[in-house]
Amino acid sequence: MTTPRPTDLTADEARRIALRAQGLLGTPNRKAGVRGILRHLGAVQLDTISVLARSHELIPYARLGAVGRRTVEDAYWTTASIGAPSAQPHAFEYWSHAACILPIEEWPHFAFRRRAYRNRPHWNHELPDGAYDQVIKQLRAEGPLTATQLGGAKRTSEWWDWSGAKVAVERALMYGEVVCVERRGWKRIYDLAERAVPDDLLHDELDDTECLRRLVRLAGQSLGVGTRADIADYHRLKGEQVDAVIADSGLVPVTVEGWGKPAWADPAALETPPRGRHRTTLLSPFDSLIWERARTERIFGFTHRLEAYVPKQKRVYGYFAMPVLAGGRLVGRVDPAREGRTLVAKQVTLDGPKAVPAVAQALIEAASWVDCTNVRVERVDAPELHAPLTTELARALA
């Protein structure tokens, strides 16, 4: 006899379903490694900020523990073993939730976005005459190239002042004529999609409705359970796009205690109760567990905001405040920095005394991962918890 799937979830059940769907509850598939994490999440956000490490490194670290940083890079960008008969990429970069690394299998699903970009009338950067054709011609003749090799990434030192070649190649990437399946030293390597994307995936045959249906289903699987806004935000779809396909997406409607809005769940996530080991870890502010601010507040009762682009005097939690996950809860924040072999917690926010051991554990593991041998705490928002935290760190490091 088949047990019927639940359609009414408690807030706690929904939270644990979300954690399992994001790979932060239960035993991680270490054999699948970083590539398995990428396929499981469907998208890993890229960002230029590097404090402990860049965000695309922090995402697998949060789930797998101290996986080597070189291992992470190789997992994304190495196409095949030396001597292999073919070099099929595992990932490509494109605009999903933001600039993201995506499994190469997802290439067909973004045909709707490539078409939208091709039909876009207005752009932030003006495309000089002839620049687009020149970039395509150069890539075809010379093979994969960086923006610098194509003629320069910028005209001046200002980050936004792109050269004509950079404007052209980024436009070609958005159109899907060019793709990035590799980085070297944080520089994108551009190649023709017809050369880099496997033949069985290199097509725009899926119509917009089918692209959206698949992305909504995949977003639901990666979230476990979510509202219309949660699902739309995952790959930055419009609410009406979700509405048009959700009934045919394979997701099932559920009611979640306290959410106040309709929700949908991955039916596989409802088959068995989420159980297993909770990760204790620092999270990147760009981690997909906490992408959507309203969802984070709804599930964890936690206000999350990246303050790197906020004027220093207006910051509340710090430049790159990283939420601390422990026991399936967000129990604090740490704004980290590095000074030589010391990991500095410039500012720490704790959800009470019970959070002290978990925050200490998260700091020590992160320090070890980035080859720091010491941890120093500068400021704790609740001053009475500064001594307990430093004592716990000293005990654990002894």
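Normalising by the residue count of the chain, find the relative contact order in percent from Cα pairs under 8 Å and 6+ residues apart.
Relative contact order for the chain comes out at 17 percent.
In Å³ and rounded to a whole number, note down the convex hull volume per residue for the Cα atoms of region 57-130. Mind dumping the intermediate values first?
Working: hull volume 13.3 nm³, N = 74.
Once divided by residue count, the hull of region 57-130 is 179 Å³.
Return the whole-Å distance between the Cα centroid of region 171-224 and the Cα centroid of region 136-151.
First find each Cα centre; the distance between them is then 20 Å.
Non-local amide H neighbours of Val197 (under 5 Å, H modeled in plane, Pro and chain starts lacking H): which ones?
Counting only residues 5 or more places away or on other chains, the set is empty.
Run the numbers for Ala229 and Ala268: contour at 0.36 nm per residue of separation, minus the present Cα-Cα distance, in nm. Intermediate values should be presented prior to the final figure.
Numbers: separation 39, 0.36 × 39 = 14.04 nm, distance 2.09 nm.
Gain on stretching Ala229 to Ala268: 11.9 nm.
How far apart, in nm, are the 7 Å Cα→Cβ label points at Asp199 and Glu240?
The answer from the label model is 4.1 nm.
Given H placed on each backbone N at 1.01 Å, which residues far from Tyr94 in sequence or on other chains put an amide H within less than 5 Å of it?
So Tyr94 has HN proximity to Cys100, Leu102.
Would you kindly state how much longer the chain becomes between Thr27 and Val316 on full extension, computed as 0.36 nm times their sequence separation minus their alpha carbon distance, in nm to one decimal?
On the way: separation 289, 0.36 × 289 = 104.04 nm, distance 3.46 nm.
Taking Thr27 through Val316 to full extension adds about 100.6 nm, to one decimal.
With each label point set 7 Å from Cα along the Cα-Cβ vector, what nm distance links Thr79 and His278?
Modelled inter-label distance: 4.4 nm.
Given springs between every Cα pair under 10 Å in a Gaussian network model of the chain, which of Asn374, Asn29, Asn124 has the largest fluctuation?
Ranking Asn374, Asn29, Asn124 by mean-square fluctuation puts Asn124 first.
Normalise the Cα radius of gyration of region 166-323 by 2.2 N^0.38 Å (N = residues in it) and let me know the number.
Working: Rg = 19.2 Å, N = 158, 2.2 N^0.38 = 15.1 Å.
For region 166-323, the normalised Cα radius of gyration comes out at 1.27.
Give, rounded to the nearest 20 debye, the magnitude of the charge dipole that region 219-320 has about its Cα centre when Lys and Arg contribute +1 at Cβ and Asp and Glu contribute -1 at Cβ. Walk me through the numbers before you get to the answer.
Details: 14 positive and 12 negative charges, 128 e Å.
Dipole size: approximately 620 debye.
Mean residue ellipticity at 222 nm from the helices of the chain, using -39,500 (n - 2.57) per DSSP H segment of n ≥ 4 over the full residue count, to the nearest 500 deg cm²/dmol? Walk me through the numbers on the way to the answer.
Numbers: 14 runs with 139 residues, N = 398.
Using -39500 (n - 2.57) per qualifying helix, the result is -10000 deg cm²/dmol.
For the chain, modelled as a Gaussian network with Cα springs under 10 Å, which listed residue fluctuates most, Ala62, Ala326, Ala131?
So, out of Ala62, Ala326, Ala131, the one fluctuating most is Ala131.
Report the label-to-label distance for Arg395 and Glu257 in nanometres (one decimal), using points 7 Å from each Cα along the Cα→Cβ vector.
A separation of 3.3 nm, rounded to one decimal place.
Could you check what % of the DSSP bridge pairs in the chain are antiparallel, to the nearest 5? Numbers along the way, then the final one.
On the way: 38 of 45 bridges.
That works out to approximately 85 percent antiparallel.
Order Glu182, Glu384, Glu271, Glu170, most accessible first, counting only protein heavy atoms with a 1.4 angstrom probe. The partial results should precede the final answer.
Values: Glu182 55, Glu384 130, Glu271 105, Glu170 10 Å².
Result of the area sort, largest leading: Glu384, Glu271, Glu182, Glu170.
Non-local amide H neighbours of Met322 (under 5 Å, H modeled in plane, Pro and chain starts lacking H): which ones?
Val334, Asp335
Please work out how much length the chain gains when fully extended from Thr48 to Ala99, using 0.36 nm per residue of separation minus the C-alpha to C-alpha distance, in nm with one decimal.
On the way: separation 51, 0.36 × 51 = 18.36 nm, distance 1.06 nm.
Extending this stretch completely gives an extra 17.3 nm.
Between region 316-363 and region 253-283, what is the C-alpha centre distance in whole Å?
Distance between centres, Cα-based: 25 Å.
In µm²/s, what is D for region 271-373 at 4 °C and 1.567 mPa s, where D = kT/(6 pi eta Rh) by Stokes-Einstein and Rh is the Kirkwood radius from Cα pairs? Mind dumping the intermediate values first?
Working: Rh = 14.4 Å.
The calculation lands on 90 µm²/s.
What share of all Cα pairs of region 1-65, in percent, falls into each consecutive 5 Å distance bin?
Binned Cα distances yield the sequence 4, 15, 21, 18, 16, 12, 9, 3, 2, 1, 0.
Mind listing the phi-derived Karplus ³J(HN,Hα) values for region 227-239, rounded to whole Hz, using 6.51, -1.76 and 1.60 with θ = phi - 60°, and x for any glycine or proline?
7, 4, 5, 4, 5, 4, 5, 4, 10, 6, 8, 8, x
Taking a ≥ b ≥ c as the square roots of the Cα gyration tensor eigenvalues, with a/c under 1.5 meaning rounded and otherwise prolate when a/b beats b/c, else oblate, which class fits the chain? Provide the component values of the computation, followed by the final result.
Numbers: a/c = 1.81, a/b = 1.26, b/c = 1.44.
Oblate, since a/c reaches 1.5 and b/c is not below a/b.
Could you calculate the FRET efficiency of Ala308 with Ala66 from 1/(1 + (r/R0)^6), where r is the beta carbon distance between them and R0 is 22 Å, rounded to 0.05? Walk me through the numbers before you get to the answer.
On the way: r = 25 Å, r/R0 = 1.12.
The calculated FRET efficiency here is 0.35.
If you build the Cα gyration tensor of region 330-398 and take the root of 5 times each eigenvalue, what three semi-axes come out, in whole angstrom, biggest first?
Details: eigenvalues 64, 29, 22 Å².
Result for region 330-398: semi-axes of 18, 12, 11 Å.
If you place +1 on the Cβ of every Lys and Arg, -1 on the Cβ of every Asp and Glu, and leave all else neutral, what size is the dipole of region 305-398 about its Cα centre, to the nearest 20 Debye? Numbers along the way, then the final one.
Details: 13 positive and 10 negative charges, 47 e Å.
The calculated dipole for region 305-398 is roughly 220 debye.
The values are calculated or read from the model by the stated rules, or taken from the named source; none is laboratory data. Here the structure is a predicted model, which means the values were calculated and not measured. Neighbour counts are summed over all protein chains in view; Cβ atoms, including those assigned to glycine, are modelled from backbone coordinates with ideal geometry. Just the protein is used for accessible areas: all its heavy atoms, side chains included, with ligands, DNA and RNA removed. Shrake-Rupley method; radii C 1.70, N 1.55, O 1.52, S 1.80 Å.
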